[in-house]
Amino acid sequence: MDRYCKIYVDYRGSSQELKRLVESCVNLENVDIYIDYNEEFDAIRACEFPDGFLFFKFFLELDFDEGVNFLCVVNLILRLFWDRHISAVASCDYENLLINSGGYRIKECFWNK
């Protein structure tokens, strides 16, 4: 199974603040993380359920070293956002194995909407 995961996040702060938030709660040792502004960001379209997540402000790209429990790490990151009422949706080959199926089609995971 491909361990790569992309998480779309509708975070109101900066990308540096977003990275600090993730690093403060999740051990990212043996995890490559890339956070960037989503060029497709559109505040209006981001409110459209269920595909509005494609227009969230940021995305995180995660790639995991061999032996890392990637399901656990992605679930922790999703829970980190959702517990803070930050809209987030995971897009990966294993989203059906994640909590709330990674947030796709779960309206409650669209906190800011």
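The values are calculated or read from the model by the stated rules, or taken from the named source; none is laboratory data. Since this is a predicted model, take the numbers as computed values, not measurements. Note that each Cβ is placed from the backbone with ideal geometry, even for glycine, and that neighbours are counted across all protein chains shown. Ligands, DNA and RNA are stripped out before the accessible areas are found, and what is left, the full protein with its side chains, is counted by its heavy atoms. Shrake-Rupley method; radii C 1.70, N 1.55, O 1.52, S 1.80 Å.
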Counted residues, segment 102-113 - those being assigned to a helix (DSSP H, G or I) and not charged (D, E, K, R): 3
Whether any residue in segment 65-72 is modelled with pLDDT of 95 or more, out of contact with any His (no Cβ under 6 Å at 6 or more places or on another chain), within 15 Å of D32 (Cα to Cα) and among the acidic types (D, E) is what I want to check. no
Scan segment 76-98 and report the pairs whose first residue is free of Cβ contacts under 8 Å to residues at least 40 places away in the same chain and whose second residue is surrounded by fewer than 18 Cβ atoms within 10 Å (Cβ to Cβ) and among the β-branched types (V, I, T), with Cβ atoms within less than 9 Å and a gap of 6+ or a chain change. R79/I99; W82/I99
Within segment 52-74, residues within 14 Å of the chain's Cα centre (by Cα) and among the acidic types (D, E) come out as E61, D63
Note on segment 62-79: residues surrounded by 14 or more Cβ atoms within 10 Å (Cβ to Cβ) and within 17 Å of V31 (Cα to Cα) are L62, D63, F64, V68, F70, L71, V73, V74, N75, L76, I77, L78
Those residues of segment 1-55 that are polar (S, T, N, Q) and either open to solvent by less than 30 Å² (accessible area, probe 1.4 Å) or under 16 Å from L78 (Cβ atoms) (or both) come to a total of 3
Matching residues in segment 23-40 - criterion: being in contact with a helix residue (DSSP H, G or I) (Cβ under 6 Å, 6 or more places away or on another chain) and at pLDDT 95 or above: I35, E40
